[in-house]
Every structure is written in C-alpha cells, then in structure tokens.
1. Give the residue, chosen from 153, 131, that is at positive phi, of a type outside the set (Phe, Trp, Tyr) and free of Cβ contacts under 8 Å to residues at least 12 places away in the same chain.
2. Examine the stretch 169-180 for a residue that is surrounded by fewer than 22 Cβ atoms within 10 Å (Cβ to Cβ), assigned by TED's automatic domain parsing to the domain that holds residue 148 and under 23 Å from residue 118 (Cα atoms), and state whether such a residue exists.
3. Inside the stretch 51-168, counting only strands (runs of 3 or more DSSP E) that do not spill past its ends, which hold 3 or more residues that are under 16 Å from the mean Cα position of the chain (by Cα)?
4. State whether the residues of the stretch 146-167 include one that is assigned by TED's automatic domain parsing to the domain that holds residue 30, closer than 21 Å to residue 206 by Cβ and modelled with pLDDT of 95 or more.
5. Identify the single condition in (1) without any contact (Cβ under 8 Å) to a residue 12 or more places away in the chain; (2) farther than 23 Å from residue 123 by Cα that residue 204 does not satisfy, given that it satisfies every other one.
6. Would you point out the residue of the stretch 54-79, among those that are of a type in the set (Ser, Thr, Tyr) and touching a residue at least 60 places away in the same chain (Cβ under 8 Å), that is surrounded by the fewest Cβ atoms within 10 Å (Cβ to Cβ)?
7. Is it the case that the stretch 187-201 has a residue that's of a type in the set (S, T, N, Q) and either touching a Gly at 6+ places or on another chain (Cβ under 7 Å) or more than 27 Å from residue 60 (Cα to Cα) (or both)?
8. Against the conditions (1) assigned to a loop (DSSP other than H, G, I, E, B); (2) surrounded by 10 or more Cβ atoms within 10 Å (Cβ to Cβ); (3) at pLDDT below 95, where does residue 7 fall short? Just the number, please.
Amino acid sequence: MSDSASYSPPKVWTWEQPSGGAFASINRPISGATHEEDLPVGKHPLQLYSLATPNGVKVTVMLEELLARGYSGAEYDAWLIRITEGDQFGSGFVEINPNSKIPALVDRSGSAPRRVFESGSILLYLAEKFGAFLPSDPAKRTEALNWLFWQMGSAPFLGGGFGHFYSYAPIKIEYAINRFAMEAKRQLDVLDRHLAAHEFMAGGDYSIADMAIWPWYSGLVRNEVYGAAEFLDAPSYVHLNRWANAIAERPAVKRGKMVNRTSGDPARQLRERHDASDFDLRTEDKLKV
C-alpha cells in the first residue's frame, strides 16, 4: 500500500490488490456471476434473498409491518445470503440482481416471477402493491418519497464513507475520517432539525421513509454500528434519538431486525425466516442455518 502523502494516481488504474478492509472479499471492479448456483424457492409469494445489514433490515421491517397490519399476502421466505462468502455472486442471485447487492426480492404472486432489487425500490414496490405505508395524499406522498430518496443518496456517504474509513479500513486516514465525519454529522443534523417539528419523517404518519432511514441512522446514534456514537456526539441529536428509540420499540421492527441476522446476541438472530412461527420456534439448529 502506497504512502498516501506521496501517492500519485496512475494514468490507467488496474486492480492489483484487494481493497475494502474487513469487507475486501465483496469488492471487485467487474460484475457478473463467479459460479453457478440456483436460488432456493419457498412456499410464499414473496421470496427475499438478504442479510441483516441496514439495507436488508429495511425490507424485513416493511414485510413484518405489513403482516402486523393484516396483509396476509405479504407472507415471505427470507433466505440468507452470506456476502462475505460470495453468495451474491452466484448465477441465481445475479439473475435477479445484476448489481450483486442485497437485498433482492422475487414476487411470484403473478403470472410470471417479478424481480425487484435495490432496497428503496423494494420498499416502494411493496407500498404500492399493498397500498400501505405510503400516503395517498399527493403532497404527503411526495414528502415521503423525498425522504426515501434522501436516504438512498445519503447512506453511501455514511456507510461506504464514514463507516468504512472510521471502522473497517485497514489503516486510519485522518483526512478521510475527518471528511466523512463532517458529512455524517451534517446528515444527523438534517434529521434532527426535521424531527424537531415532525413525529415521523413524512409528518404524522409512519411510512417507508422511516423504514428506509431508521436502520442506518438509528444504528449509528444507538451505537449499534461502527462504534462511533461518542465520536459523533450522537446523544446531542435529541429529536433524532427520540424518533430512533420510538421506532425501535415497534414489535414488527423488532422482528424485522432479527431476520437474516448472523451476528450479535443469538437470541436476536433468525437466520432464515419461512413462517411467522419461526420467531417462536427458534432452536440452536435454526440459529446455525
């Protein structure tokens, strides 16, 4: 690795060494499948292939919220995709998401399977499919979508930017950490100021905007990702913490956060979910799927 103080970019970049620190195995400069592997298919109309990263949690929270509201058509199978082992580069996964990122969903309720990839797209697809968690009033709908797409555009600076250089990078680079800490704090301030005047992101109603933003920014201020809450002075964002803690107490959110989880407290892991009863019938064998 070159000394950053003396590094000059080459005229044409080539991939000569792994990059990505703790997640180096998931990064490469080309797309496409690395091996043949069909995806499993369960009994429900909705088939989810995911992992309980913040992006994955968005979708399992949405599905559990739909089921809690009585939408039986939202029953789903959640299959574990081990991204550090390359499951996302199997031919079956690449077929439903050519970008090889989790989560990916297949809706088999119609005449032909329909693939949906990118977490924000999945949230919007499910909201429109079931007519839930997205306001019907045009002004309120627009506000919810404003914040949904704000999250999609902002999170890469938080995760791939701040989270990577602060927590995962193989070396600590002061300039990179300072640059992305500034942006992370700016985003926290955006949310805190907005939530000072609103119960939820789109106003008075809980929506897909909250489901998109909560896994990333609640995880940060509640010190569940990166271990940086003190570094970023997270307790000072009072309104953001109020919102984050309130959503964390929702039963559907607690269930959704467990699905496809492979780390942390084993009691809070449900590595694969194929029936609502799986939450109550977990055993050591199921935890080791």
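The values are calculated or read from the model by the stated rules, or taken from the named source; none is laboratory data. Quick caveat, the model's predicted, so the values are computed rather than measured. Cβ placement follows ideal geometry from the backbone for every residue including glycine, while neighbour counts extend to all protein chains displayed.
1. Values: 153 fails: at positive phi.
Sole residue among the options that is at positive phi, of a type outside the set (Phe, Trp, Tyr) and free of Cβ contacts under 8 Å to residues at least 12 places away in the same chain: 131.
2. Initially, the stretch 169-180 is screened for residues surrounded by fewer than 22 Cβ atoms within 10 Å (Cβ to Cβ), giving 169-180.
Filter once more, keeping what is assigned by TED's automatic domain parsing to the domain that holds residue 148: 169-180.
Now drop any that are not under 23 Å from residue 118 (Cα atoms), which leaves none.
Checked against the condition, which is being surrounded by fewer than 22 Cβ atoms within 10 Å (Cβ to Cβ), assigned by TED's automatic domain parsing to the domain that holds residue 148 and under 23 Å from residue 118 (Cα atoms), the stretch 169-180 yields no hits at all.
3. Values: elements: 76-80, 104-107, 114-117.
By residue number, 76-80.
4. Taking the stretch 146-167 and keeping what is assigned by TED's automatic domain parsing to the domain that holds residue 30, we get none.
Looking for residues that are assigned by TED's automatic domain parsing to the domain that holds residue 30, closer than 21 Å to residue 206 by Cβ and modelled with pLDDT of 95 or more, one finds none in the stretch 146-167, hence no.
5. Condition (2) is where residue 204 drops out.
6. From the stretch 54-79, those of a type in the set (Ser, Thr, Tyr) are 60, 71-72, 76; that's our starting set.
Next, only the ones that are touching a residue at least 60 places away in the same chain (Cβ under 8 Å) stay: 60, 71, 76.
Details: 60: 28, 71: 16, 76: 27.
Within the stretch 54-79, the match that is surrounded by the fewest Cβ atoms within 10 Å (Cβ to Cβ) is 71.
7. Of all residues in the stretch 187-201, those of a type in the set (S, T, N, Q) come to 187.
Next, from what is left, pick out any that are either touching a Gly at 6+ places or on another chain (Cβ under 7 Å) or more than 27 Å from residue 60 (Cα to Cα) (or both): none.
There is no residue in the stretch 187-201 that is of a type in the set (S, T, N, Q) and either touching a Gly at 6+ places or on another chain (Cβ under 7 Å) or more than 27 Å from residue 60 (Cα to Cα) (or both).
8. Answer for residue 7: the failing condition is (2).
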